[in-house]
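**Student:** This is the structure I want to talk about, given as structure tokens.
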Amino acid sequence: MVVAVLIATMAFQAAVSPTGGVWQDDTADHRAGEAVMAYKDPRIYRNFIRSNTVAFVTSLSIILLLIIGLPFKYRFFMWALVLIMWVSVTAVGVTYGASIMVATPVIHKDSLSSVIQIAIIAWVGLMSFLLVANAFRHLYQKLRDSGIKFPSWVKRCDDESVNSLA
């Protein structure tokens with residue numbers, strides 16, 4: 001819950017005070033209070049707003065689901081919370097990337113782009129690994145619960161040790 005509250009706080013703050021600030025005056029092109037980023041780099045601003053909104057809404061969803069007292073004995077609810085948290089944390093990463101792209105001087109954008117590409121590849125790889133590992137863990141539990149015997153080299157995990165990995 002602490003992480004969800006921190007993400008909600010960060011997303012709210014990023015929305016009311018976007019990277020690059022807001023216009024301070026009204027002109028024919030913009031109004032006071034509008035994000036400068038929206039005019040300087042509209043494509044990045046759209047990505048920033050989308051990912052920031054996803055981070056905010058998913059973190060609020062996690063907070064709400066935890067407050068109403070979901071029955072955590074059901075694995076479905078735990079999986080749903082984990083999935084929502086993954087989406088929220090990923091959205092924070094995208095928001096961060098958009099902010100950095102806007103705040104970086106033009107002469108450094110090429111090197112920053114390659115760093116961001118490497119970070120995206122690493123993140124997608126990590127998320128894929130976690131997804132596959134959790135799928136195998138879930139499959140193992142289902143097969144074990146259905147009575148299938150595994151070879152001795154496959155370590156038997158009791159429910160407590162398996163759940164501590166999640």
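Each value in this text was obtained by applying a stated rule to the coordinates, not by laboratory testing. The model shown is predicted, which means the values in this text are computed figures rather than measured ones. Reconstructed Cβ throughout: ideal geometry from the backbone, glycine too, with neighbour counts over all protein chains shown.
**Student:** Could you work out which residue, out of R144, R43, R75, moves most in a Gaussian network model of the chain, that is, has the largest mean-square fluctuation with Cα springs under 10 Å?
**Tutor:** R144
**Student:** FRET efficiency for K73 and T53, Cβ-Cβ distance as r, R0 = 25 Å, nearest 0.05?
**Tutor:** Efficiency at R0 = 25 Å is approximately 0.20.
**Student:** Still on this structure, please answer the following. Let me know the charge dipole size of the chain about its Cα centre in debye, to the nearest 20, where only the beta-carbon of Lys, Arg (+1) and Asp, Glu (-1) is charged.
**Tutor:** Working: 14 positive and 10 negative charges, 165 e Å.
Value, rounded to 20: 800 debye.
**Student:** So, one more: Running a GNM on the chain with Cα contacts under 10 Å, which residue among M101, M37, M127 ends up with the highest mean-square fluctuation?
**Tutor:** Comparing M101, M37, M127 in the GNM, the peak value goes to M127.
**Student:** While we're looking at this one, here's another question. Work out how much length I100 to I121 would gain on full extension: take 0.36 nm times their residue separation and subtract the Cα-Cα distance, in nm to one decimal.
**Tutor:** 5.8 nm is the gain from fully extending I100 to I121.
**Student:** Which of F72, F56, F150 moves most in a GNM of the chain, Cα contacts under 10 Å?
**Tutor:** Highest fluctuation of the listed residues: F150.
**Student:** Turning to a different aspect of this structure: Suppose each label sits 7 Å from its Cα in the direction of the beta carbon; what would the S113-K40 distance come out to in nanometres?
**Tutor:** The modelled label-to-label distance comes out at 1.8 nm.
**Student:** Show that you can apply the helix-only estimate: for the chain, add -39,500 (n - 2.57) for every DSSP H stretch of four or more residues, divide by all residues, and state [θ] at 222 nm to the nearest 500.
**Tutor:** -24000 deg cm²/dmol
**Student:** Find which of V106, T53, I68 sits farthest along the positive direction of the dipole of the chain, computed with +1 on the beta-carbon of Lys and Arg, -1 on that of Asp and Glu, about the Cα centre.
**Tutor:** Selected residue: I68.
**Student:** Could you tell me what % of all Cα pairs in the chain have separations over 20 Å?
**Tutor:** Beyond 20 Å sits 64 percent of the P(r) for the chain.
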